[in-house]
Structure formats: C-alpha cells, structure tokens
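Student: My structure is below; once you've seen it, I'll send some questions.
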Amino acid sequence: MRAIEFTEPKVITVIDRPDELTPAPGEAVVRTHRMGICGTDLSCYLGKFPFFAYPRTPGHELGLEVVAVGEGVTNVKPGDKCSLEPYVNDPDSATSQKGHSNCCPGVQVIGVHNNGGLRQGTFIVPARKLHPGNDLTYDQLALVETLAIGYHAVQRGNPQPGETVLVIGAGPIGLACLEFLKLMEGVKVIVMDMVQGRLDFCAQNLGIQHGILAKADGSHLADLETMTHGQLADVIIDATGSPRSMSTCFEFAAFTGRVVYVGITTSDLQFPHAPVFHRRELTLLASRNALPSDFPEIIHLIRQGKINTDLWITHRISFDEVPEKFAQFTDPNLGAIKAIIMVNGEE
C-alpha cells in the first residue's frame, strides 16, 4: 500500500510499503485514519530535527483503527478507535521501572526513530501504546498526542493556586499547555508570542485574556512586570524551541521560580548565572514526550467537552495532496494552528 517517505530533506516520495498483517504476542495491527502535522514533522522534512534519519515514513500524531491483535492483548480489540502513544520504551530499563517511560534511554518514537503512520496500509505497534476512544472522532484522537506533550510540561512545572504561569510561544505545544492551565483553579495564566494573531486566538478561543506581544526592543519585560505587579512569573513554560528565547526567558522568572523547556533545540544555550539564575534560586526543568497515564486523562477531558479540538484544526489536506502541499506548513505566514492529513476514508 502507498506510504509517504521523506527521502531526504525537502524531498517527499510516494512509495509502496507492504502491509504488516501478523501481530506477535502483545502487538496490534492498525490503520491510520488521521495524522496531525506538528513541528517535529516539519523539522524532519526540513532536515533540522535530531534523531531523524532518511529515508523514513513520518507520522506520530495518529487517529488509528485497530485491525487485529496478537495473543495476550486485552486493552484493545479489532474495530477500536485509538490514539497512539508513540514513545516505544524498554519496560525493563531502570528509567522505565521508575515510572519515566517517556525518557527511557532507548526510547524510539514512532515516525521519528523508525517508520510512522503516514501510510494507507496497515502496520504493527505495541498494543500497550494504544489508548481507545471509540466515542471520539479520528480528528480528536490524532490531537491527543500533541495535547499530551503540553499536559506533561504543565505537570513538570506543577503550578499551584495563587501562582502565575507564563507560556512563551503560542504554537501547538504552547496551546496544548494553555488548554490544561486554563482548567486550573487559582492559577493566573499569561501567554507571550511574537504574533498578535496568535494572542488573539488564545483570547477568543481559550479565554486567555492576559497576552503579551514580544518585541525586538525587549519592552515586553516591562509589560510582564505591569501585569504581575512586579512579581513576574512563578512558572515559565518555554514552548518556542528558539535558542534566543530559551536563553533569555529566565529574566521573566520570579524568585524561586521554575522554568520548563518543552521546546527543543540542537543549539547550545547560554544564560546569566550569577545575576539571575543563582540570585533568584531558579529551577530549570526539561519536559520530554508524555507519560502513558496522560493519554486516557486527555481523552476523558475531550469526552467531557473541557477541551474542544475543533478550534485547533485550521487546515486539512488529503493523502494524495501531501507531496504538493506539505511544504506550505513550514511557512508561519500561513497561519496554521493544526493541519490534519486525511489518510484513509471520511470521518
């Protein structure tokens, strides 16, 4: 069956990839119905993402149908609609045993370290990585993974009632963080971005009324001081992946604040230690992937109507349009929040 391959940077090829039909014990055969395009996919296409080697079939934000299951599988059955947790870890590693399967040393992300779900045929995944949501749409299920990245970042920052959280970057991962922050009682949420349209989206669709437009002259620091009465932010979540932002975001942190890097960069970072980081006794945290327990929690919140994924989807393309239209999503001027690829069938 047909599959999309990133053959080399900026080169997309439609190839034939044989169906995978025979699951081993603990495995499931699945078929992709919807795929979300995320920043990782775009970086892989452009040749800028670590861990990605060519040629490879991308696709890790997936709404899947279970076709068959192997021996011993009880969490899903044929016909189930599922979201994929794409981080395939070694359950026996010391890190996984401590409950941190998201950053297991040997973790392999489906669609990044190995071939993913942007294919019309069937393929095999560990059944334990499937999270059913039969009452959700494939669109909704394809967005669960993006939301999980934001959910985990928020949990890393651990905001408490009475604290202020600043999210820097209102792209899909920043928006995912905001979705969960807005549900927290007693937490003041502020979003910062360089694009006014994204701040407007947050205000109109997420109810985040405190927005700061980042400016080249750095005057946005004064805007934050005014908004927080000089206290700055107790938790900062940097979702930009920008070395400049990640190096300077400490100046927005309150004394004893926490800074969470959920964006990723291959660049080395430098930041002022003594006058800012040390003086304010800040804590720096990384946030990688998400945990298995995050997925059913997010599915439950979507089911309850507390998260409306329809607001996210601004663009759609068909499987056949991928070679021609995928590159457009690398242009920030397009204004895409989340693009969905319709891989198989209608909803």
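Student: Could you let me know the centre-to-centre spacing of the range 223-243 and the range 128-156, using Cα atoms, in angstrom?
Tutor: For the range 223-243 versus the range 128-156, the Cα centre distance is 27 Å.
Student: Continuing with the same structure: Taking only Cα atoms and a 10 Å spring cutoff, compute GNM fluctuations for the chain and point out the largest among 42, 178, 221.
Tutor: 221
Student: Which residue fluctuates the most in the chain, going by a Gaussian network model with Cα springs under 10 Å, if the choices are 30, 112, 195?
Tutor: Maximum among the listed residues: 195.
Student: Okay, next question. Looking at [x] 33; [y] 39; [z] 43, which value of percent of Cα pairs over 31 Å apart comes from a calculation on the structure shown?
Tutor: Correct label is [x].
Student: Which distance in nm do the two modelled labels at residue 251 and residue 196 give, with both placed 7 Å along the Cα-to-Cβ direction?
Tutor: With each label placed 7 Å out from Cα toward Cβ, I get 2.3 nm.
Student: Right, next: Which value in nm describes the separation of the simple spin-label points at residue 97 and residue 74, placed 7 Å from the Cα toward the beta carbon?
Tutor: 2.4 nm
Student: Let me ask another. Write down the percent of antiparallel bridges among all DSSP beta bridges whose residues are both part of the chain, to the nearest 5. Could you put the intermediate results ahead of the total?
Tutor: Numbers: 33 of 61 bridges.
Taking every DSSP beta bridge within the chain, about 55 percent pair in antiparallel fashion.
Student: Please return the longest stretch of the chain lacking exposed loop sites, where trypsin sites (Lys or Arg not before Pro) count only if DSSP places them in a loop and at most 12 other Cβ atoms lie within 10 Å. Each step should come with its number before you reach the end.
Tutor: Values: sites that count: 10, 98, 215, 279.
Answer - 99-214.
Student: Beyond a 24 Å Cα-Cα separation, which of these cross-linked pairs lie in this structure: 10/338; 48/306; 77/98; 81/325; 10/215; 81/188? Present the calculation step by step, with values, prior to reporting the outcome.
Tutor: Values: 10/338 20 Å; 48/306 35 Å; 77/98 29 Å; 81/325 27 Å; 10/215 31 Å; 81/188 36 Å.
The pairs that break the limit, which is 24 Å between Cα atoms, are 48/306; 77/98; 81/325; 10/215; 81/188.
Student: Another question, if that's okay. Take residue 226 and residue 244, extend 7 Å from each Cα along the Cα→Cβ direction, and tell me the distance between the two endpoints in nm.
Tutor: Going from the residue 226 label point to the residue 244 one covers 2.3 nm.
Student: Using every Cα-Cα pair within the range 150-286, state what percent have a distance larger than 25 Å. Present the calculation step by step, with values, prior to reporting the outcome.
Tutor: On the way: 1394 of 9316 pairs.
Above the 25 Å cut-off, the range 150-286 has 15 percent of its Cα pairs.
Read-outs: derived from the displayed coordinates by stated rules, not from any lab. Source: prediction; values computed, not measured. Here the Cβ is made from the backbone with ideal geometry for all residues, glycine too, and neighbour counts use every protein chain on show.
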